[in-house]
Amino acid sequence: MTVDREQVLRTAAALLSRKSTATMDEVARAAGIGRATLHRHFAGRDALVRALENRGIEQFEAALDAARLDEGLAADGLRRLIAEVEPGAGLLAFLVTENQLFEGDTMNEGWARLDARVSALFRRGQEQGEFRIDLTPAWLTEALYGLIGTGAWAVQDGRVAAKDFQYMIVELLLGGARRSVEK
């Protein structure tokens, strides 16, 4: 039987997005393969997570491209980004949380690219007077990741309606990030 590595990664992403503590046995069962077969493709959980990390980074980069962050107002670019990220929000939430476990190890350069692109959006919004200047672009980037992750978990757990995902993230983030105009 030929194992489709991409299908195994899709299955692992779906499972780990719902149950971040899933074991390799559970991943193998969900993928319909034996544990030995899974281990031939991924030497262990760390290798699987690293493969998922690369997949997640690629998906997030595609979302950044599709969001056209340089067009129009920065707030509109942020709205488009959240809409584009939504389908993969669960995987992103898992990876951001899982990545904290690897702190001290070498960081995947992809995360630095993502951070730079998102931070540039916030910096542009600050320079154009849309966003508060007392919050750093790096902090706003981390806040965005946190809200996406929390939103994904809340939708999965049924605490938030899926249709409200984008609205709640945009409104909370922009409500706190918008520059107030003093009269």
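Given the structure, is Q156 within 17 Å of D76 (Cβ to Cβ) and in contact with a helix residue (DSSP H, G or I) (Cβ under 8 Å, 6 or more places away or on another chain)?
Answer is no for this residue.
Starting from residues that are in contact (Cβ under 8 Å) with a residue 24 or more places away in the chain and touching a strand residue (DSSP E or B) at 6+ places or on another chain (Cβ under 9 Å), keep the ones in the stretch 130-166 and report whichever is most open to solvent (accessible area, probe 1.4 Å).
Out of the qualifying residues, it is R132.
Filter the stretch 46-74 down to the residues that are open to solvent by less than 10 Å² (accessible area, probe 1.4 Å) and under 19 Å from E171 (Cβ atoms) and list them by number.
A67, A74
Just for the stretch 87-114: of the residues that are aromatic (F, W, Y) and in contact with an Asp or Glu (Cβ under 9 Å, 6 or more places away or on another chain), which one is modelled with the lowest pLDDT?
F102
Name the residue, out of S17, S119, that is modelled with pLDDT of 90 or more, of a type in the set (S, T, N, Q) and open to solvent by less than 50 Å² (accessible area, probe 1.4 Å).
When all the criteria are applied, what remains is S119.
Residue by residue through the stretch 131-177, note down the ones that are assigned to a helix (DSSP H, G or I) and polar (S, T, N, Q).
Matches in the stretch 131-177: T141, T150, Q156, Q166.
Confirm whether R179 is modelled with pLDDT under 95 and of a type in the set (K, R).
yes
Only one of these conditions is not met by R80: (1) surrounded by fewer than 16 Cβ atoms within 10 Å (Cβ to Cβ); (2) of a type in the set (K, R); (3) under 30 Å from Y167 (Cα atoms). Which number is it?
Status for R80: all satisfied but (1).
Are any residues in the stretch 34-45 farther than 15 Å from A13 by Cβ and either within 12 Å of the chain's Cα centre (by Cα) or surrounded by 13 or more Cβ atoms within 10 Å (Cβ to Cβ) (or both), and if so, which ones?
G34, R35, T37, H39
Considering every residue within the stretch 22-31, establish whether at least one is open to solvent by 50 Å² or more (accessible area, probe 1.4 Å) and over 26 Å from I148 (Cα atoms).
Looking for residues that are open to solvent by 50 Å² or more (accessible area, probe 1.4 Å) and over 26 Å from I148 (Cα atoms), one finds at least one in the stretch 22-31, hence yes.
The values are calculated or read from the model by the stated rules, or taken from the named source; none is laboratory data. Just so you know, these numbers come straight off a predicted model, no measurement behind them. Quick reminder, even Gly has a Cβ in these numbers, built from the backbone with ideal geometry, and neighbours come from all protein chains shown. Quick note on the areas: whole protein, heavy atoms, side chains included, nothing else; ligands and nucleic acids left out. Shrake-Rupley method; radii C 1.70, N 1.55, O 1.52, S 1.80 Å.
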